Every structure is written in structure tokens, then in C-alpha cells.
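Structure first, then comments.
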Amino acid sequence: MSQKRHIFGPVSSRRLGLSLGLDIVPYKTCSFDCVYCQLGRTTNKTIHRREYVPKQLLTSELKDYLAEDHDRIDYITFSGSGEPTLNSKIGEMIGEIKQMTDIPIAVLTNGSLLFEKEVRDELKNADIVLPSMDAVTQDTFEMVNRPHDGLKIENIIDGLKKFRKEFDNEMWLEVMLVKGINDGGGEIERMASAISEINPDKIQLNTVVRPPCESFAMPVDAGEMREICRMLGKKAEIIMPRARKAMKAYEKGVENEILTLLKRRPCTVGDISNVLGIHRNEVVKYLEVLEEDRRVAKRMHKNQTYFVVSKDEMRSM
């Protein structure tokens, strides 16, 4: 079996079931540097679009994957470790994948480039597009998303409105809430008004549940999440964590490899990914389970998040 550098998973997604990920930009190449990102700080903040991952390489890897015997997956998802719409060939990739398989295609995007008609046109053949919008005022936008200097929230909101009018399939809008930054009543009221004009098929509320790149990025409590959900209307829903260990994509062998590595030394997400040859997005999902089970813990050192075996796990050894 050939090595697949730009395909990961399938992974269990809280929104898309069993999802096969396509990573079409280099690690942390993004137009945002969100305070809550579980993959760390953005190292290449840009709005310059180009063919970061060659279309032919991506489609060849996917064709090889689909030719193998795999369990049925629910979605092929453009996501990964950066902003996928920065790849200037994403539209052609979607078109070619449509010729390969009838598995629906999803695009996870921060929505930052949808004000460009070219980008909107390139996503038109996707089955579902899941943009995010975490703020509607420029000050809050800059605090939570830390965008490229060339981006203004009013242009992004306008792009979301235009995309909804032009796109024939499902559009689910995600709102990531961070305690004390974008959860204030005034911001939520303005957000409700903007979302009403955008008119997505769903509004999906999320909060910080995975280790963020900034220690001050804290989750919103359950009661406040319910109130915000009510304020945003009938289409709004809270994305609930799922029991990953019970899912088909969760492998105990991978969990044990991560624990064995952490018993030797503290590691970052990147360290684990490099040593075990697992995509960073998959590593994050396993660490989420292990942290919930109190088997690993986080430690900060020089603004880096490291994972260590917990005291409870050490006692059980």
C-alpha cells in the first residue's frame, strides 16, 4: 500500500460521522490564527491562493485509497491542518472526486475567502459546506480569530450571504464560543441578526473542548451555551461530544502507542504525529479521549502544550 501524505482517517467526526480527511495545504497555512486552535499557532498566515498540494497528487492518493477494501465512510472532507480554500485547485479536485465516487464531499472552511466569487464558484459542486463565523464585530473578530491584516469581518459576512444564495446544497454554519471573548450578550445579539440574513441550513454551536493553542481560551459552560442556542433561533444546535471509543474508527492499538510514547517523554501533538506517522487531526482526537479518561494531562512549557501520562495512569501501571 502506497504512502498517503494528504489523506487521513477515516476519523469519527462529531458533525459528519465517519469522515475521510483531505489535507491540501501545508501545516498551519491559514488566513486565521484562532486562539482556540488545537493544532497550535499559525506559522504561515496568508490569503495568497496557490496549488499548495498538487491536484494530481491528491486525486491519485484518493484513487488508490478508494481501490482498497475499506469500511463505508460517510463523507470525504476537505479539512486538515490549514484553510483548504487557500488551495487554488480545490474546485478542480472536487470535480474529479465526483467522477471517482458517489461518497458525498464536505468542505470545512473558516469562510474567510468566500467574498471572492472565484472561491464561491469552486465550492459549488460540494455536497455540504461548513463555514465558521465566530464574531460579527471587527474587534471581537481580531481577538478570537487573529486574522490576516487583509481581512475584514464585514466582507466575510457579505461573502457568506452571497454563498448561501448561490449554493444549492447544504450549508451548516459553525460558531465557536470562547469564554469572555465572543460570548457577550451584545455580540450574540448582533450575531443572531447577521445569521438571520445569511440563512444557513443549520447553526452549530461549539466551544473549546480540545487543548487550545492559547491557555486563556476557555470553554463556555453548558448553561450559557443553552441560552446562546436559544438566542440564535430554531436552526441552532449545540455540537455534543461523542463517545469516540465506541466508534469504528477508534483503534485501541493507536491509543496504546500514544500512551507508550508519553510514558517515555512529554510530547506535543506534532511530536506524536511525527513519531507514529499519524495525522495531527487524528492525534488530537485520541488525546481528547485520553484526557477525558484522565490518562494523560497537559503541561505548558515555553508557550508549547505538551502531553504527559497522568498521575492516575502512572499509579495503574
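Every number here is computed from the coordinates shown, using simple stated rules; none is lab data. In this text, all values refer to a predicted model and were calculated from it rather than measured experimentally. In this analysis, Cβ positions are derived from the backbone assuming ideal geometry, glycine residues included, and neighbour counts consider all displayed protein chains.
Brief remarks follow.
- Taking other C-beta atoms within 10 angstrom as a stand-in for reagent exposure, T29, T43, T137 fall in the order T43, T137, T29, fewest first.
- Sum of -39500 (n - 2.57) over DSSP H runs of 4+, divided by residues of the chain (222 nm, nearest 500): -11000 deg cm²/dmol
- For segment 1-88, a/c is not less than 1.5, where a ≥ b ≥ c are the root eigenvalues of the C-alpha gyration tensor, and a/b does not top b/c. That puts it in the oblate class.
- Along the axis of the charge dipole computed for the chain (Cβ charges of +1 for Lys and Arg, -1 for Asp and Glu, origin at the Cα centre), the listed residues G159, Q99, P131 are led at the positive end by P131.
- Per residue, the average separation of C-alpha pairs within less than 8 Å and at least 6 apart gives segment 251-316 a relative contact order of 33 percent.
- Structural descriptor for segment 7-244: relative contact order 20 percent, calculated from alpha carbon pairs under 8 angstrom and at least 6 residues apart.
- Within a Gaussian network of the chain (alpha carbon springs, distance under 10 Å), most fluctuating of K234, K45, K161: K234
- Across all C-alpha atoms in segment 79-172, the radius of gyration and Dmax reach 13.5, 44 Å.
- A Cβ-based charge dipole, computed about the Cα centre of segment 1-93 with Lys and Arg at +1 and Asp and Glu at -1, lands at about 380 debye.
- Size of electric dipole in segment 251-316: Cβ of Lys, Arg +1 and of Asp, Glu -1, about Cα centre, debye, nearest 20: 380 debye
- Neighbour cut-off at most 16 other Cβ (10 Å), DSSP loop, GluC sites (Glu not before Pro), segment 80-132: E116
- Each of T260, T268, T42 was scored by other Cβ atoms within 10 Å of its Cβ. Arranged with the fewest first, they read T260, T268, T42.
- With 30 Å as the limit, the listed pairs K179/K263; K124/K152; K161/K302 have K179/K263; K161/K302 beyond it between alpha carbons.
- Taking N as its residue count, the alpha carbon Rg of the chain over 2.2 N^0.38 Å: 0.98
- Taking other C-beta atoms within 10 Å as the exposure proxy, I76, I198 rank I198, I76 from fewest upward.
- Rounded to the nearest 20 debye, dipole of the chain from Cβ charges on Lys, Arg, Asp, Glu: 840 debye
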